[in-house]
There are 4 protein chains.
Amino acid sequence: MDRAVLEDLAAASRILVDQGVFDAAGHVSMRHPQDPGRFLMSRSLAPELVAADDIMEFTLDCTPSDAQGRKPFIERFLHGGIYAKRLDVMAIAHGHSAAVIPFGLVSKPMRATYHNAAFLAAGVPVFDIRDRFGITDIVISSAERGAALADALGDKAVLLLRAHGFVAVAPDLPSAVFRAIFTEVSARVQLQAEALGGPIAALDEEEGRKADAINLATVGRSWELWKKRVS
Amino acid sequence: MDRAVLEDLAAASRILVDQGVFDAAGHVSMRHPQDPGRFLMSRSLAPELVAADDIMEFTLDCTPSDAQGRKPFIERFLHGGIYAKRLDVMAIAHGHSAAVIPFGLVSKPMRATYHNAAFLAAGVPVFDIRDRFGITDIVISSAERGAALADALGDKAVLLLRAHGFVAVAPDLPSAVFRAIFTEVSARVQLQAEALGGPIAALDEEEGRKADAINLATVGRSWELWKKRVS
Amino acid sequence: MDRAVLEDLAAASRILVDQGVFDAAGHVSMRHPQDPGRFLMSRSLAPELVAADDIMEFTLDCTPSDAQGRKPFIERFLHGGIYAKRLDVMAIAHGHSAAVIPFGLVSKPMRATYHNAAFLAAGVPVFDIRDRFGITDIVISSAERGAALADALGDKAVLLLRAHGFVAVAPDLPSAVFRAIFTEVSARVQLQAEALGGPIAALDEEEGRKADAINLATVGRSWELWKKRVS
Amino acid sequence: MDRAVLEDLAAASRILVDQGVFDAAGHVSMRHPQDPGRFLMSRSLAPELVAADDIMEFTLDCTPSDAQGRKPFIERFLHGGIYAKRLDVMAIAHGHSAAVIPFGLVSKPMRATYHNAAFLAAGVPVFDIRDRFGITDIVISSAERGAALADALGDKAVLLLRAHGFVAVAPDLPSAVFRAIFTEVSARVQLQAEALGGPIAALDEEEGRKADAINLATVGRSWELWKKRVS
């Protein structure tokens with residue numbers, strides 16, 4: 001395994017803290033670059049503290065390949081469930097940022113308020129764990145829950161978890177970080193726009209598709225800055 | 001008295017500043033680990049400045065055991081009143097964070113907006129000092145006021161004080177800090193969710209109980225990070 | 001003139017930046033400790049940069065006593081007007097913080113949302129410069145405008161200036177700083193409380209008077225912390 | 001070319017990050033001081049990282065004069081379009097700050113909430129790229145789009161771009177930075193004022209003209225502070 005890959009994944013974790021998306025919790029993972037049947041994710045640790053040596057390797061059923069005494073996150077099943085169902089997904093971020101949670105609590109859907117949030121224009125489903133599992137502790141702590149969550153995500157880029165947080169997925173690690181950040185920013189913009197009243201001239205689905213293509217092609221400019229800030 | 005206990009309590013004070021819950025005021029206390037008839041709390045000092053040597057010891061009637069010339073907080077009666085009535089409470093935080101105060105001013109109750117705020121799902125009462133004491137200076141400055149406040153708290157984890165602030169209690173110090181932080185965060189989330197309109201799919205009481213058990217069991221991960229940030 | 005007085009006044013300016021009340025503008029003054037017919041105020045300078053040597057002395061008609069080539073703020077007339085009319089006022093802060101300005105634009109009055117904002121409970125008038133001077137550049141740039149503003153302030157602690165900012169006055173410098181800070185915090189609290197809907201159980205006038213007396217007596221604890229942060 | 005000019009333009013970019021107006025994106029330009037048929041603008045780079053050597057020179061049709069292998073921003077056409085049409089404009093800032101975007105999504109117009117935002121009093125038009133170009137990727141990536149945007153700006157100081165961001169123009173670089181900053185601050189103020197309900201006593205057009213003249217004359221005080229913070 002290329003050391004630079006582990007460094008990047010650890011940096012992604014610290015970036016999402018630095019950018020205000022993660023607090024003392026939150027985790028980001030990526031599919032194994034050589035083996036699509038595995039994924040990489042930090043051991044159970046505050047995201048601000050993650051370094052390359054904290055990255056563990058899992059099979060898609062969330063079994064550690066070589067734990068070396070490290071304790072994994074319980075919620076790795078959220079990641080494994082998605083990698084199993086969405087072959088196009090190469091990286092996943094899961095957090096609980098304060099501006100996003102409201103949209104998982106009410107019926108008003110998230111919108112793509114500007115070009116950086118273009119990936120939201122296709123729609124943002126809400127996963128309510130009660131629908132399949134009744135009264136729970138809310139945690140995505142089993143393969144069954146992870147699979148149900150992946151079903152709810154469908155082919156979208158972002159999924160809201162009721163009374164919990166969100167998941168952002170992408171075709172590469174920098175784009176997953178980008179989408180997590182702008183899910184949060186767009187949520188703040190929408191909260192303010194909704195407060196002004198009246199309809200919101202958000203991006204429509206086709207505008208979103210076009211703008212997202214630009215974002216995916218130019219994410220490197222932001223990624224280099226974000227990485228520099230946490231090095 | 002183990003020095004590490006005093007260091008932890010002083011750190012708790014600085015953590016709550018670092019996390020934006022305390023400003024130039026606010027105080028946190030813990031029950032004496034060897035003697036349930038006593039509690040530990042900083043002398044009257046801005047919480048950002050508290051160090052181990054600032055920690056004083058009080059009997060439950062709020063008399064200093066050995067003041068050594070240090071001046072106690074007037075509001076130690078808030079702490080003493082609760083320790084006397086709630087034998088399960090081992091630590092208490094009291095602050096005035098801007099997102100929480102609104103819920104003590106209006107009739108809309110606080111809700112548990114996500115798993116980290118699970119301890120709110122049992123309900124959050126409001127203590128209006130006018131009900132028992134008429135027109136006052138608002139300060140919990142006597143044993144009588146402290147006892148009335150403890151009555152209003154009942155068996156809950158958080159109490160709002162009208163036009164004043166909040167109290168969070170817990171079975172250990174890290175959990176009291178955790179609850180103070182996520183009272184504040186959940187208040188922000190709820191303010192935004194309410195602004196979107198419509199009913200809020202917050203945690204129900206049983207979901208809250210289950211999620212809170214997880215939080216209490218895993219608080220160490222956050223606590224270590226928070227402590228590290230203020231060391 | 002005691003050098004420590006000048007240091008304190010300069011610190012007050014930097015404190016109000018550090019606490020988020022001033023941005024690149026804003027000014028704070030104090031009455032001359034030995035001569036009630038004079039006041040002290042920085043030369044025209046961004047408040048973050050003010051040091052003791054930047055403090056100038058003015059007579060109440062806003063003439064510099066000994067300018068030494070330093071350029072005064074145009075808005076010193078706001079300060080002079082109040083010192084001339086309010087003999088109890090020993091210090092004044094004037095800023096434009098984002099949470100306060102809204103209350104000068106709408107008809108909803110500011111309230112004292114909690115004990116730290118007790119000084120607002122007596123009422124917060126709004127000065128609309130149009131009422132006396134018609135269409136202007138909004139700046140309090142003459143003795144006449146300063147006097148009109150002092151009239152609008154009356155015997156209150158805080159005055160809002162429509163489409164401009166606010167003035168906080170107090171019987172000493174630390175209390176003027178305290179009032180400027182908690183005018184801003186209370187405005188934020190009220191904005192959030194109003195958004196929740198329904199009546200707001202703010203401090204009534206008598207509660208405000210009692211709580212304010214406590215604040216004035218204990219402001220030193222906050223002042224020492226704030227000063228330490230900008231030293 | 002005077003090196004100090006390049007340093008100032010690079011500083012303007014970093015200032016707008018430091019002041020919370022730019023994030024990982026955003027760009028600021030100025031007309032060439034000796035040749036009104038050219039303008040200066042950073043190569044494609046996160047604004048926090050811009051230094052003097054990153055500044056490129058363009059003709060008004062957005063062709064680099066001497067690229068030296070540096071890659072320009074696609075959106076230079078936004079700048080070129082305005083310089084071609086507005087001979088009074090000497091500097092332009094374009095960003096996507098979260099408080100401003102809402103006003104490009106709804107029908108409620110931006111107002112000049114206080115004297116620092118006086119330049120908004122003349123009115124703030126909204127450019128919806130759909131009106132002329134149908135479904136696009138939102139980016140101002142051609143001379144044709146730049147010209148249409150300049151048409152929408154008219155003789156105003158600020159233009160909102162639907163689902164995208166804003167443009168602020170001014171007669172000199174410090175004033176363009178000032179206007180970008182206070183567009184953002186005033187948007188925050190207005191969002192809060194609107195939430196309080198009722199009409200907003202913003203600056204009228206003539207008050208705005210008078211207050212703006214003061215701002216343009218005194219911008220140096222803020223500019224020196226802002227520059228110092230990013231040096």
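Return the loop-located trypsin sites (Lys or Arg not before Pro) in the range D:123-220 (DSSP other than H, G, I, E, B) with at most 13 other Cβ atoms within 10 Å of their own Cβ; answer none if there are none.
Values: sites: D:Arg130, D:Arg132, D:Arg145, D:Lys156, D:Arg162, D:Arg179, D:Arg188, D:Arg209, D:Lys210; in loops: D:Lys156, D:Arg162.
Answer by residue number: there is no such site.
Assign one of three labels to the protein assembly as shown, namely rounded, prolate or oblate, based on the Cα gyration tensor with a ≥ b ≥ c the square roots of its eigenvalues; rounded applies when a/c is under 1.5, prolate when it is not and a/b is larger than b/c, and oblate otherwise. Intermediate values should be presented prior to the final figure.
Values: a/c = 1.71, a/b = 1.00, b/c = 1.71.
Oblate, since a/c reaches 1.5 and b/c is not below a/b.
Please give the Cα centre distance for the range B:62-115 versus the range C:190-230, rounded to the nearest Å.
17 Å
Where the label is 7 Å out from Cα toward Cβ, how close does A:Asp204 come to the same position in every other copy, in nm, shortest first?
Listed shortest first, these distances are 4.1, 4.1, 5.8 nm.
Over all directions, the average projected area of the alpha-carbon convex hull for the range B:148-189 comes to how many nm²?
Numbers: hull surface 13.0 nm².
Averaging across all directions leaves 3.3 nm² for the Cα convex hull.
Provide the net charge surrounding B:Met41, with neighbours chosen by a C-beta distance below 9 Å and charges set as Lys +1, Arg +1, Asp -1, Glu -1.
On the way: positive: B:Arg43, B:Arg76; negative: B:Glu57.
Local net charge: +1.
Which whole-Hz couplings ³J(HN,Hα) result when phi for each residue of the range B:6-16 is put into the Karplus expression 6.51 cos²θ - 1.76 cosθ + 1.60, θ = phi - 60°, listed in order with x for Gly and Pro?
Working through the residues one at a time gives 5, 4, 5, 5, 5, 4, 4, 5, 6, 4, 5 Hz.
Please name which of A:Cys62, A:Pro36, A:Gly26 has its Cα lying farthest along the dipole of chain A towards the positive end, using unit charges on Cβ (Lys, Arg +1; Asp, Glu -1) and the Cα centre as origin.
Most positive-ward Cα: A:Gly26.
What is the interface area between chains C and B, defined as buried accessible area summed over both chains with a 1.4 Å probe, reported in Å² to the nearest 100? Please list the in-between numbers first.
Values: alone 10470 and 10450 Å², together 18380 Å².
In total, chains C and B hide about 2500 Å² from solvent.
Mind listing the label-point distances from A:Leu87 to the same position on all other copies, shortest first, one decimal in nm, points 7 Å along Cα→Cβ?
Taking the point 7 Å beyond Cα along Cα→Cβ, the inter-copy spacings are 6.3, 6.3, 8.9 nm.
Can you give the local net charge around A:His79? Use residues other than it whose beta-carbon is closer than 14 angstrom to its beta-carbon, Lys and Arg +1, Asp and Glu -1. Numbers along the way, then the final one.
Numbers: positive: A:Arg31, A:Arg38, A:Arg43, A:Arg76, A:Lys85, A:Arg86, A:Arg145; negative: A:Glu57, A:Asp61, A:Glu75.
Once positives and negatives cancel, what remains is +4.
Treating only the Cβ atoms of Lys and Arg (+1) and Asp and Glu (-1) as charged, compute the dipole magnitude of the range A:1-145 about its Cα centre; round to the nearest 20 debye.
Values: 15 positive and 18 negative charges, 90 e Å.
The calculation lands at about 440 debye.
Nearest 10 degrees is fine. How inclined is helix C:205-230 to the longest principal axis of chain C, computing both from alpha carbons?
Helix C:205-230 sits at roughly 50 degrees to that axis.
Which whole-number percent gives the relative contact order of the range D:1-127, counting Cα pairs below 8 Å spaced six or more residues apart? Intermediate values should be presented prior to the final figure.
Working: 182 pairs, mean separation 28.7, N = 127.
Here the relative contact order equals 23 percent.
So what's the net charge close to A:Phe178: Lys and Arg +1, Asp and Glu -1, counting the other residues with Cβ under 13 Å from its Cβ? The partial results should precede the final answer.
Details: positive: A:Arg179, A:Arg221, A:Lys227; negative: A:Asp172, A:Glu184, A:Asp212, A:Glu224, D:Asp23.
Local charge sum for A:Phe178: -2.
Between A:Glu205 and C:Gln34, what's the calculated FRET efficiency when r is the beta-carbon distance and R0 is 51 Å? Round to 0.05. Before the final figure, lay out the partial values.
On the way: r = 72 Å, r/R0 = 1.42.
Here the calculated transfer efficiency is 0.10.
When a/c is below 1.5 the answer is rounded, else prolate if a/b is larger than b/c, else oblate, so apply that to the range D:78-140 with a ≥ b ≥ c taken from the square roots of the Cα gyration tensor eigenvalues. Don't jump to the answer; show the numbers that get you there.
Working: a/c = 1.93, a/b = 1.14, b/c = 1.69.
Verdict is oblate for the range D:78-140.
Return the single residue from B:Pro33, B:Pro102, B:Pro64 with maximal mean-square fluctuation; model: Gaussian network over chain B, springs between Cα atoms under 10 Å.
Maximum fluctuation in the GNM of chain B, among the listed residues, is at B:Pro33.
Using the 7 Å Cα-to-Cβ label point, sort the distances from D:Thr59 to its equivalents in the other copies shortest first and give them in nm to one decimal.
6.5, 6.5, 9.2
Helix D:143-153 versus the longest principal axis of chain D: what is the Cα-based angle in degrees, 0 to 90, to the nearest 10?
Result, in degrees: 30.
Over chain C, what relative contact order in percent results from Cα pairs under 8 Å that are six or more residues apart?
Numbers: 446 pairs, mean separation 54.1, N = 231.
Here the relative contact order equals 23 percent.
Give me the angle, in degrees from 0 to 90, between the Cα long axis of helix C:76-85 and the longest principal axis of the Cα atoms of chain C, rounded to the nearest 10.
The helix C:76-85 is inclined about 80 degrees to chain C.
When the Karplus curve 6.51 cos²θ - 1.76 cosθ + 1.60 is applied with θ = phi - 60°, which whole-Hz ³J(HN,Hα) does each residue of the range D:124-136 get, with x for Gly and Pro?
Going residue by residue, I get 10, x, 10, 9, 9, 4, 4, 4, 10, 10, x, 7, 9 Hz, with x marking Gly and Pro.
For the protein assembly as shown, with all protein chains present and a 1.4 Å probe, just round the carbon and sulfur fraction of the accessible area to a whole percent.
Working: 15940 of 31670 Å².
Summing carbon and sulfur atoms, their accessible area is 50 percent of the total for the protein assembly as shown.
Can you pull the semi-axes for the range B:53-197, root of five times each eigenvalue of the Cα gyration tensor, sorted largest first, whole Å? Don't jump to the answer; show the numbers that get you there.
Numbers: eigenvalues 143, 60, 34 Å².
Each semi-axis is the square root of five times an eigenvalue, giving 27, 17, 13 Å.
Between C and B, which C residue has the Cβ nearest their rotation axis, distance in Å?
Spelled out, residue of C and its Cβ distance from the axis onto B: C:Ala195, 4.
How much accessible area per residue does chain D have, counting only protein heavy atoms and a probe of 1.4 Å, in square angstrom?
Details: 7900 Å² over 231 residues.
With the other protein chains kept in place, chain D gives 34 Å² per residue.
The values are calculated or read from the model by the stated rules, or taken from the named source; none is laboratory data. Remember, it's a predicted structure, so these values are computed and weren't measured experimentally. Using ideal geometry, Cβ is built from the backbone for each residue, glycine included, and neighbour counts are taken over all protein chains shown. Ligands, DNA and RNA are excluded from the accessible area calculation, which covers all protein heavy atoms including side chains. Shrake-Rupley method; radii C 1.70, N 1.55, O 1.52, S 1.80 Å.
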